[in-house]
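These notes are about the structure you will find just below.
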Amino acid sequence: MSAFLSLPLAMLLHAAPSAAPEPVLFAPGVVSTGQEEFGASFSPDGRTVVFNRADPTRFKFQLLMMSQWRDGRWTEPEVLPFSGRYRDIDPTFSPDGKRLFFASVRPQSASEEVHADFDIWVVDRTEKGWGTPRLAEGLNTPEAETNTSVTREGAVYVTRSPKDGKRRIYRHVPRGDGWAPGEPLPEVINSGHGDGNHFVDADERYLVFSSQRPGGLSLDGFDLYVSERTGGQWGTPRNLGPAVNRTDGALTPTVVPARGTLLYAQRRPFLTTPPARPLTTKEFTTRLNSPGNGNGDFYEVPLTAVGLPAPGK
């Protein structure tokens with residue numbers, strides 16, 4: 001686990017270190033495999049990870065899988081008991097680990113085979129196991145809702161994709177058994193360049209999100225940015241830099257306090273230059289079925305590498 005930082009939060013958020021360590025592949029061969037993986041979320045103790053695994057054609061079918069840290073290793077992932085039939089994406093634990101939010105096209109009435117777009121669902125997790133998913137009252141609209149992130153006080157940040165195609169982030173405060181209508185974040189965040197795919201600090205100190213705004217490092221994908229919230233106002237986002245943002249882009253960021261890291265998904269190309277020598281049949285087959293084959297994998301870097309505060313700071 002990373003050492004605690006001593007620098008003020010504002011300094012960390014506005015200037016990432018110049019050194020960019022190589023990100024580490026998370027749980028290679030177990031969670032990060034040759035298959036398409038993205039959208040991870042961890043329990044507060046960091047010992048349970050829920051994530052997406054998708055079919056080879058990408059985004060035609062996805063389900064939620066879970067792996068746990070036991071006896072010094074991550075267990076073989078298993079499909080969550082309420083997933084595996086409909087397209088379920090973007091899991092997010094609440095800060096206390098008692099709820100899991102996710103987006104799904106599962107039917108909402110007896111007349112539907114599948115719902116027309118993604119909506120947010122929530123399911124409780126107790127010592128006895130998982131409950132039955134239910135629609136997250138107040139978080140859904142006629143538009144598509146996907147990524148969520150939850151604060152310690154129960155506010156939910158939602159990525160919403162209106163019909164105009166300009167993805168935006170909304171903030172919903174708790175109300176009764178659900179949430180009030182969402183308020184869009186200001187233009188400094190919602191720039192009109194596909195802003196979303198986000199993670200908010202449990203105490204709302206900062207927001208990490210993906211965007212295709214000008215000046216990014218990715219050639220045709222999304223870069224990750226961070227914005228600090230001071231006095232209830234969001235500041236100008238800062239690109240997280242080459243530690244995470246590369247020509248292939250980065251997606252689904254999440255901060256894992258128990259690990260002291262930022263974890264995200266990235267699709268690294270199978271090859272960028274010809275190999276030094278011809279690949280054998282075995283080598284080619286192995287690479288096709290391993291991380292780094294062009295499908296999504298999980299990478300993580302210390303929070304210090306991207307100028308984010310360590311746990312408790």
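The values are calculated or read from the model by the stated rules, or taken from the named source; none is laboratory data. None of these values were measured; they are calculated from a predicted model. Using ideal geometry, Cβ is built from the backbone for each residue, glycine included, and neighbour counts are taken over all protein chains shown. Heads up: the accessible areas ignore ligands, DNA and RNA and are worked out on the full protein's heavy atoms, side chains in. Shrake-Rupley method; radii C 1.70, N 1.55, O 1.52, S 1.80 Å.
Worth pointing out:
- Placing pseudo-labels 7 Å out from each Cα toward the beta carbon at Ala180 and Lys60 gives an inter-label distance of 4.4 nm.
- Top of Val50, Val105, Val158 by mean-square fluctuation, Gaussian network on the chain, Cα under 10 Å: Val105
- In units of the rule-of-thumb radius 2.2 N^0.38 Å, the range 247-313 shows an alpha carbon radius of gyration of 1.46.
- Gln35/Arg205 FRET efficiency (R0 25 Å; Cβ-Cβ; nearest 0.05): 0.15
- Rough spin-label spacing in nm, given labels placed 7 Å along Cα→Cβ, for Asp164 and Ser109: 2.9 nm
- Start at zero, step by 10 Å, and the Cα-Cα distances of the range 66-220 spread as 10, 37, 34, 16, 2 percent across the bins.
- Å² of accessible area per residue within the chain, as computed with a 1.4 Å probe and no ligands counted: 47 Å²
- Given charges at beta-carbon only (K, R positive; D, E negative), |dipole| of the chain in Debye: 460 debye
- More than 28 Å apart - percent of Cα-Cα pairs taken over the chain: 37 percent
- Label-reachable residues, the range 172-188, where backbone N falls under 18 Å from a point 7 Å from Glu153's Cα toward its Cβ: 172-186
- Sorted peptide list for 165-175, 142-152, 225-235, criterion being average Cβ within 10 angstrom, highest first: 142-152, 165-175, 225-235
- In summary, the lysines within cross-link reach of Lys128, defined as a Cα separation below 30 angstrom excluding same-chain residues under 8 places away, comprise Lys98.
- Lys/Arg +1, Asp/Glu -1 at C-beta; the chain dipole; positive extreme among Ser290, Gly97, Gly46: Ser290
- Whole-percent P(r), the range 138-235, all Cα pairs, 5 Å bins from 0: 3, 14, 24, 26, 18, 10, 4, 1, 0.
- For q = 0.16, 0.17, 0.27 Å⁻¹, Debye-computed log10 I/I(0) when each Cα of the range 97-174 counts as one equal scatterer: -0.62, -0.69, -1.32
- Furthest towards positive pole of dipole, Ala116, Thr146, Pro133, structure part the range 115-154, Cβ charges: Pro133
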